[in-house]
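The structure under discussion appears below in the form of structure tokens.
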Amino acid sequence: MNELNLILLGPPGAGKGTQAARLREDFDLRYIATGDLLREHRANETDLGLRAARYMASGQLVPDELVTAMIIEEIEQASDGFLLDGFPRTVAQADALDAELDQRGHPLDAVLLIDVPDEELVERISGRRVCPDGHVYHVKYDPPAKVGICDRDGKPLIQRDDDKPETVRNRLRVYHEQTEPLVERYGAKGLLRPVDGTLSPDEVYEQLRGALAESGTEQRA
């Protein structure tokens, strides 16, 4: 049974987390999320984690070579394949990743892109409301019975700073500047598999499965 090596791309709010959970379960992939990986290395005080923590403590970005080393360490333990989420974010990171994968004989099979227009993403994210206990609602798609009040515990709902429209638009700007060039890069390599992220989660997943089947990479689930 061949390994299946995938990257999941998409802007903030596109639903990558939802689709990643289904892909990793159905294909038995090692799920590698950059944020989780950095936190794990810091908590375990690994050499890479301690080095990364010095940058994070001073408000600096963790250098690409450190993040790439963490990613490759995980990939080397992924006997049945991997799903990368949150990496690469830039062309430089993609170049470094390609070099390491080629050296180790773990070529990419596909890069899955969940595509959603900016205005819908702003509506999705800025419409979120949460209570202090972490229950999540959406003013349009999943509103509480009483405006501004959690159905489960009666506590007030708030909009997090990260979910405010101006913050969301800034996050999207960074995505377009830094990460969107990867779409053209992987497209030129014949690896890109775009799907319509405006559909329901089930429909998006069916598209992802279909994209893998059409490219001859879906052989395992």
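What is the log10 of I(q)/I(0) for the chain, computed with the Debye formula using one identical point scatterer on each Cα and no solvent, at q = 0.08, 0.15 Å⁻¹?
Each listed q maps to, in turn, -0.33, -1.10.
Please pull out the direction-averaged projected area of the range 1-91, using the convex hull of its alpha-carbon atoms, in nm² to one decimal place. If you can, show how the numbers build up before the last one.
On the way: hull surface 26.1 nm².
Mean orientational projected area (the range 1-91, Cα hull): 6.5 nm².
Among GLN178, LEU121, ALA14, whose Cα lies farthest out toward the positive end of the dipole of the chain, if unit charges sit on the beta carbon of Lys, Arg (+1) and Asp, Glu (-1)?
The residue sitting farthest along the positive end of the dipole is LEU121.
Please work out the Cα center distance from the range 157-180 to the range 2-79, rounded to the nearest Å.
Cα centroid of the range 157-180 versus Cα centroid of the range 2-79: 21 Å apart.
Could you work out which residue, out of LEU61, LEU199, LEU208, moves most in a Gaussian network model of the chain, that is, has the largest mean-square fluctuation with Cα springs under 10 Å?
Comparing LEU61, LEU199, LEU208 in a Gaussian network model of the chain, the most mobile one is LEU61.
Rounding to the nearest 10 and keeping the result within 0 to 90°, find how far the Cα-based axis of helix 34-44 lies from the longest principal axis of the chain.
It is inclined by approximately 80 degrees.
Once you've got the GNM for the chain with C-alpha springs shorter than 10 Å, pick whichever of GLN60, GLN159, GLN207 has the biggest mean-square fluctuation.
GLN60
Hey, what number do you get for the chain at 222 nm if only DSSP H runs of n ≥ 4 count, each worth -39500 (n - 2.57), divided across all residues, to the nearest 500? Don't jump to the answer; show the numbers that get you there.
Numbers: 9 runs with 101 residues, N = 221.
Result for the chain: -14000 deg cm²/dmol, rounded to the nearest 500.
What is the chain's relative contact order, in percent, from Cα pairs under 8 angstrom and six or more apart in sequence?
On the way: 304 pairs, mean separation 58.9, N = 221.
The value is 27 percent.
Round to the nearest 10 and give me the degree value, 0 to 90, for the angle of helix 16-27's Cα axis relative to the longest principal axis of the chain.
Around 50 degrees separate the two axes.
Tilt of helix 165-174 relative to the longest C-alpha principal axis of the chain, in degrees (0 to 90, nearest 10)?
10 degrees
Can you list the GluC sites (Glu not before Pro) in the range 1-82 that are in a DSSP coil and have 15 or fewer other beta carbons within 10 angstrom? Present the calculation step by step, with values, prior to reporting the outcome.
Working: sites: GLU3, GLU25, GLU40, GLU45, GLU65, GLU73, GLU74, GLU76; in loops: GLU3, GLU45, GLU76.
Answer by residue number: GLU45, GLU76.
Here, each number is a calculation from the coordinates, and none is a lab measurement. These figures come from a predicted structure and were not determined experimentally. Cβ sites come from the backbone with ideal geometry, for glycine too, and all protein chains shown count toward neighbours.
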